[in-house]
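Derivation of every value follows stated rules applied to the coordinates shown; laboratory data play no part. Keep in mind it's a predicted model, so treat the numbers as computed, not measured. Please note: Cβ atoms are built from the backbone with ideal geometry, for glycine as well, and neighbour counts cover all protein chains shown.
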Amino acid sequence: MARRALVIGGSLGGLLAAHLLRHAGWHAVVFERNEEALTGRGVGLGTHPQLIAALRRAGIAFDATMGITVAKVVCLDRAGNVIVEQPTARTMSAWSRLYRALRDALPAQDYRLGKKLRRIEQDARSVTAIFEDNSSERGNLLVGADGIRSTVRAQFLPQAQPIYAGYVAWRAVLDEARVPRDAHRDIFELYTFCLPEGEQLLGYPVPGHDGDTVPGRRRYNIVWYRPADSSALDDMCTDASGHLHSGGIAPSLIRHEVIARVKTDAEALLAPQLAEIFLRSDPFFQPIFDLESPALAFGRVALTGDAAFVVRPHVGAGATKAAIDATVLADCLGRGAEGVAGGLAHFESVQLPFGRDMVALSRQQGAYLSAQLKPMAQRRGAELRRDVEALLHAHGNRSDQIGEIVAARGLEVYF
Ligand SMILES: Cc1cc2nc3c(=O)[nH]c(=O)nc-3n(C[C@H](O)[C@H](O)[C@H](O)COP(=O)(O)OP(=O)(O)OC[C@H]3O[C@@H](n4cnc5c(N)ncnc54)[C@H](O)[C@@H]3O)c2cc1C
């Protein structure tokens, strides 16, 4: 009989882990705390070769409907003129497009909604997940793919907490049909930066609501990084009834005046093409956090995806890192003689240094933004100023940087 894997968390990380374990001969079942499918979630998402390889291994082709390839990266000044332009080859997908593909390819009975993990018990022979509804499930392995506020991690590593990076990402998406004609002509097909002092904005096209990549039915995606100290963040995360949602507030609960303020700032600070798109959208924000787990394997339990390490979104590699975790996990568990605990120990020895490197790269990319809360005299190097050419080059060549880390940590053998 196939060995049974309990995967906690039904987002991209959990789905990728489930698929790759199944490919390696496991019977993997996903348990997601939400009562309903997560289809409405998520916005634009960067893709890299390792993500595509993992999807292929899961039997999912990364065809033309999966993303939109942009050939040029530009930077606009406040007046909307191009100040720097470089070639690139990034394919931008959408969270919902990947989620749908991964979810549809899993048997319905092996994706269980409304299952919130409470705690885990394990012995030498098995591991048991106990859920908030008092039900329990037993397996040979448990994968914690339950995100930045992981319940699995909290049980084994209560000291490993996300650290606020000092800025938020405002996100906005607008249907292509609603993008003003001038903005569409100037930037829709491009990867576009705008760099107000102390801030950073980028925009790019992504698949539409149903994963449509047909011109006219796509969407435009904006990410606008803005510094906010802890008290400003608390204010932004406080809803109209005065309740503070520390760690992040649901888009529907953000107060009207917070949205009105960012829209006023958009008009004052952004290139007009980007401001027009932003003003027509329903923006929301996500605080940016760093997280590094000091361990990833606990007997029959492993951490993957954002539960293990959170890579700031500059690298556009959250899903790719989850795919690399899933690939390495499945391969390590297939090494037969080592058993589950031995396979997981091997997984940890490979993925800990890789995760640390990815977090370090993302911190470096966000150093200028984090430093905005420091007095000028204390800022150093990349914290003080940014080189626009280098910034665009780094974004345009992100897959190469990830490939270098994969190679340096000896992970190429898994792909
Ligand atoms: C602003 C921003 C921009 C981003 N941009 C990109 C990008 O361009 N490209 C990219 O690749 N990534 C991006 N990411 C990151 C990406 O969304 C994630 O890294 C990726 O989806 C992998 O996450 P995950 O599945 O491990 O965790 P999550 O997506 O957080 O999913 C965790 C799941 O576990 C469930 N869960 C939590 N607790 C429990 C419990 N107790 N029991 C059961 N279920 C539970 C949650 O409901 C959730 O569905 C971005 C992130 C942010 C914040």
Taking the DSSP beta bridges in the stretch 1-136 as the whole, what percent of them are antiparallel, to the nearest 5? 70 percent
Estimated inter-spin distance, ALA240 and ARG385, nm [label 7 Å along Cα→Cβ]: 4.7 nm
Arrange LEU98, LEU76 by Cβ neighbour counts within 10 Å, fewest through most, would you? LEU76, LEU98
Rounded Å value of the spacing that divides the Cα centres of the stretch 230-293 and the stretch 318-343: 37 Å
Express the relative contact order of the chain as a whole percentage, based on alpha carbon pairs under 8 Å and six or more residues apart in sequence. 20 percent
Would you grab the residues whose amide H sits under 5 Å from the one on MET92? Only those 5+ places off in sequence or on another chain, please, with H modelled 1.01 Å from N. ILE68, THR69, VAL70
Computed Rg/Rh of the stretch 81-211, alpha carbon atoms with Kirkwood Rh: 1.11
³J(HN,Hα), Karplus 6.51/-1.76/1.60, whole Hz, each residue of the stretch 405-415, x for Gly, Pro: 5, 4, 5, 4, 9, x, 8, 4, 4, 8, 10
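I'd like the GluC sites (Glu not before Pro) in the stretch 9-91 restricted to DSSP loop residues with at most 13 other Cβ atoms within 10 Å, sorted by number.
Sites meeting the loop and neighbour criteria: GLU35, GLU36.
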How do PHE31, PHE131, PHE193 rank when sorted from fewest to most other Cβ atoms within 10 Å of their own Cβ? PHE131, PHE193, PHE31
With Cβ to Cβ distances under 12 Å as the rule, what net charge do the other residues near ALA177 carry (K, R +1; D, E -1)? +3
Scan the stretch 331-370 for trypsin sites (Lys or Arg not before Pro) in coil per DSSP, keeping those whose Cβ has at most 12 other Cβ atoms within 10 Å, and list them by number. ARG335
Give me the net charge of PRO158's neighbourhood, meaning all other residues with Cβ under 14 Å from the Cβ of PRO158; Lys, Arg count +1, Asp, Glu -1. +3
Give the angle, between 0 and 90 degrees and rounded to the nearest 10, that separates the Cα long axis of helix 95-104 from the longest principal axis of the Cα atoms of the chain. 30 degrees
Apply the Karplus parameterisation 6.51 cos²θ - 1.76 cosθ + 1.60, with θ equal to phi minus 60°, to every residue of the stretch 271-286 and state each ³J(HN,Hα) to the nearest whole Hz, in sequence, with x for glycine and proline. 4, x, 4, 6, 4, 4, 5, 4, 5, 7, 9, 10, x, 9, 10, 10
Which value results when the Cα radius of gyration for the stretch 306-379 is divided by 2.2 N^0.38 Å? 1.46
Please tell me which of these pairs span more than 30 angstrom C-alpha to C-alpha: LYS72/LYS263; LYS116/LYS263; LYS115/LYS321; LYS116/LYS374; LYS116/LYS321? LYS116/LYS263; LYS116/LYS374
Helical contribution to [θ] at 222 nm, DSSP H n ≥ 4, -39,500 (n - 2.57), averaged over the chain, rounded to 500: -10000 deg cm²/dmol
Extension gain (nm, one decimal) between ASP133 and GLN286, 0.36 nm per residue minus Cα-Cα: 52.1 nm
Please give the contour-minus-distance gain from MET376 to ARG261: 0.36 nm per residue of separation, less the Cα-Cα distance, rounded to one decimal in nm. 38.8 nm
Volume per residue of the C-alpha convex hull in the chain, rounded to whole Å³: 140 Å³
Using only the Cα atoms of the stretch 265-415, construct the convex hull and provide its projected area averaged over every direction, in square nanometres to one decimal. 11.6 nm²
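By DSSP, what percent of the beta bridges with both residues in the chain are antiparallel, rounded to the nearest 5?
Here the share of antiparallel DSSP bridges comes out near 75 percent.
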Quotient of Cα radius of gyration and Kirkwood radius for the stretch 218-317, i.e. Rg/Rh, equals 1.06
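By how many nm would the segment from SER252 to LEU113 grow when fully extended, if each residue of separation counts as 0.36 nm and the alpha-carbon distance is taken off? Before the final figure, lay out the partial values.
Numbers: separation 139, 0.36 × 139 = 50.04 nm, distance 2.23 nm.
Here the segment from SER252 to LEU113 would lengthen by 47.8 nm.
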I need the phi-derived Karplus couplings for the stretch 320-330: 6.51 cos²θ - 1.76 cosθ + 1.60, θ = phi - 60°, integer Hz, Gly and Pro marked x. 5, 5, 4, 5, 5, 4, 5, 5, 5, 4, 4
Ranked HIS256, HIS48, criterion: other C-beta atoms within 10 Å, fewest first: HIS256, HIS48
